[in-house]
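A.B. asks: I have a structure I would like to understand better, so I am pasting it below and will then ask my questions one at a time.
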Amino acid sequence: MRHSFLDVGFTYRSLKADLDAAHARVMDSGIYIGGPELEQFEQAFARACGASHCVGLGNGLEALVLPLRARGIGPGDEVIVPAHTFIATWLAVAQTGAVPVPVDADPATMNLDPALVEAAITERTRAILPVHLYGAPVSMAPLRRLATAHGLFLLEDAAQAHGGQEDGRTVGNLGDAAGFSFYPGKNLGAFGDGGALVTNDGDLAERVRMLANYGARQKYHHDLAGGNSRLDPLQAAFLNVKLRALPGWTQRRQDIAARYLDRLADVPGLRLPAVAEGTTPVWHLFVIRHPQRDALMKALEASGVPAALHYPVPNHHSGAFRDSHGHLSFPVTEAICATCLSLPIGPHLSLEDAEDIAARVTGAVRGLSA
Ligand SMILES: *Cc1c(COP(=O)(O)O)cnc(C)c1O
């Protein structure tokens, strides 16, 4: 039997009646931009994050670009980012005209190493943009201290971490603001593109809402040079349905991760993900490391376990940033990219599947060293 890495269709099949009803309701309403379905989702998602404002946006990238723009960040400014992240984090900064200043990863958690951030702060630094990578919250307390001490905007890239927690506080409510993605494969995904800004700062929320809607607070009164980045009411209606299922899906991810951590603990050569103290990850991805990564991936593939790479090329070596950042070196990030391998995880898998995958991984690793 072959397992699947990701199955977005599962989320539709398991909520089909409610999603079809939501679809019909929006289609019948005649309202296809804005409106009550969107407002309902914004309120529900803000509440789920323990924050006071949510602004639905076109995608997760814009959910990072717009708050930076709203804070006046642009050319001449620097924003601290993790060296190891999905490239959207860096591109969001670059889109504003500011320079992404990468900081290397903590080898245990693979998240940005908070201990390295202070040394990266210059007189041009305006913001810190930590990423809760793979669904594991970054240790935010040291970053909040630095942000306060240096007057920096602390924006969470929460695209992979819906519902994650640190010391009982939810992701989206751990900094000044957070950008979420509802890309279909994310823990909370739409059936198309979508994103949101979450914050307790009412002025910031208002500014981002304006920037996402041609700079207008009131139709045809354009006070800012904004653009267009709106979450459709159709996607919002779907997300309302899926948000109710999210706690159960997250629990399943956590149970699968616990199974993997237990069953794979003593497999020689395999390095398992560590979690920062006081944090509760939501396991968007389960990323292991092995020195013979490519051979292991092939062996897994042959045994019916599809694996994936997040991410194979460090951002500073990518075509997009080679010219500007290619001379830099981030040894931990480079090592992660060379050895990482993501195992299947998600609500489409049962605990029996997880058990079976763990056994096949164990077999594949043992086969390598034989
Ligand atoms: C997915 C993702 C984004 C961008 O989200 P989109 O909705 O695809 O634009 C940003 N940052 C991280 C870490 C992501 O995983």
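A.B. asks: Provide Rg and Dmax in Å for the chain, with only Cα atoms included in the calculation.
C.D. replies: In Å, with Rg to one decimal and Dmax whole: 20.6, 70.
A.B. asks: Based solely on its DSSP helices, what 222 nm [θ] is calculated for the chain when runs of n ≥ 4 H residues each add -39,500 (n - 2.57) and the sum is averaged over all residues, nearest 500 deg cm²/dmol?
C.D. replies: Theoretical 222 nm ellipticity from helices: -12500 deg cm²/dmol.
A.B. asks: Still on this structure, I have one more. Counting alpha carbon pairs within less than 8 Å and at least 6 residues apart, what relative contact order, in whole percent, applies to the chain?
C.D. replies: Rounded, it is 22 percent for the chain.
A.B. asks: Residue by residue, what Karplus-based ³J(HN,Hα) values in Hz, rounded to whole numbers, does the range 202-213 have, using 6.51, -1.76 and 1.60 with θ = phi - 60° and x for Gly and Pro?
C.D. replies: With the stated coefficients, the range 202-213 comes to x, 5, 5, 4, 5, 5, 5, 4, 5, 4, 7, 9 Hz.
A.B. asks: Can you tell me the Rg and the Dmax, both Å, for the Cα atoms in the range 1-141?
C.D. replies: 19.2, 57
A.B. asks: Now, a different point. Within the range 165-188, find all residues whose amide N lies under 13 Å from a label point positioned 7 Å from the Cα of Ala141 along Cα-to-beta-carbon.
C.D. replies: 166-169
A.B. asks: If you add up the charges near Leu272, with Lys and Arg at +1 and Asp and Glu at -1, over every other residue whose beta carbon is less than 13 angstrom from its beta carbon, what do you get?
C.D. replies: For residues surrounding Leu272, the net value is +2.
A.B. asks: Positive end of the charge dipole of the range 246-368 (Lys, Arg +1 and Asp, Glu -1 on Cβ, about the Cα centre): tell me which of Ile357, Ala274, Ile288 has its Cα farthest that way.
C.D. replies: So the residue furthest toward the plus end is Ile288.
A.B. asks: Rounding to the nearest 20 debye, state how big the charge dipole of the range 1-107 is about its Cα centre with +1 on each Lys and Arg Cβ and -1 on each Asp and Glu Cβ.
C.D. replies: 180
A.B. asks: While we're here: Considering only the chain, what is the antiparallel percent among its DSSP beta bridges, to the nearest 5?
C.D. replies: Around 65 percent antiparallel, to the nearest 5.
A.B. asks: Projecting each Cα onto the charge dipole of the chain (Lys/Arg +1, Asp/Glu -1 at the beta carbon, about the Cα centre), which of Leu146, Leu300, Ala108 comes out farthest on the positive side?
C.D. replies: Leu300
A.B. asks: At a Förster radius of 30 Å, what calculated FRET efficiency corresponds to the Cβ-Cβ distance of Ala359 and Asp7, to the nearest 0.05? Mind dumping the intermediate values first?
C.D. replies: Numbers: r = 21 Å, r/R0 = 0.69.
The pair Ala359/Asp7 has a calculated efficiency of 0.90.
A.B. asks: Compute the length gained on full extension between Ala274 and Ala44: take 0.36 nm times their separation in residues and subtract their Cα-Cα distance, giving the result in nm to one decimal. Spell out each step's value before the answer.
C.D. replies: Details: separation 230, 0.36 × 230 = 82.80 nm, distance 3.10 nm.
Answer, rounded to one decimal: 79.7 nm.
A.B. asks: With a Förster radius of 41 Å, plug the Cβ-Cβ distance of Ala320 and Ala216 into 1/(1 + (r/R0)^6) and report the FRET value to the nearest 0.05. Show your work: numbers first, answer last.
C.D. replies: Numbers: r = 32 Å, r/R0 = 0.78.
That pair, Ala320 with Ala216, gives E of 0.80.
A.B. asks: Ignoring trypsin sites (Lys or Arg not before Pro) that are buried or in helix or strand per DSSP, and keeping those with at most 11 other beta carbon atoms within 10 Å, what is the longest stretch of the chain between them?
C.D. replies: Numbers: sites that count: Arg2, Lys219.
Longest run free of exposed loop sites: 3-218.
A.B. asks: ³J(HN,Hα) across the range 34-51 via Karplus (A = 6.51, B = -1.76, C = 1.60, θ = phi - 60°), whole Hz, x for Gly/Pro?
C.D. replies: Once θ is set to phi - 60°, the couplings for the range 34-51 become x, x, x, 5, 5, 4, 4, 5, 4, 5, 5, 6, 4, 4, 4, 8, x, 10 Hz.
A.B. asks: Within the range 66-135, which GluC sites (Glu not before Pro) sit in a loop by DSSP and count at most 13 neighbouring Cβ atoms inside 10 Å?
C.D. replies: The qualifying sites are Glu123.
A.B. asks: On a C-alpha basis, how far is the centre of the range 132-160 from the centre of the range 27-96 in Å? Whole number, if you could?
C.D. replies: Rounded to whole Å, the Cα centres lie 16 Å apart.
Only the coordinates and a few stated rules stand behind these numbers; no lab work does. Being a predicted model, the structure only gives us computed values, none of them experimental. Methodologically, a virtual Cβ is constructed for each residue, glycine included, from the backbone with ideal geometry; neighbour enumeration extends over all protein chains shown.
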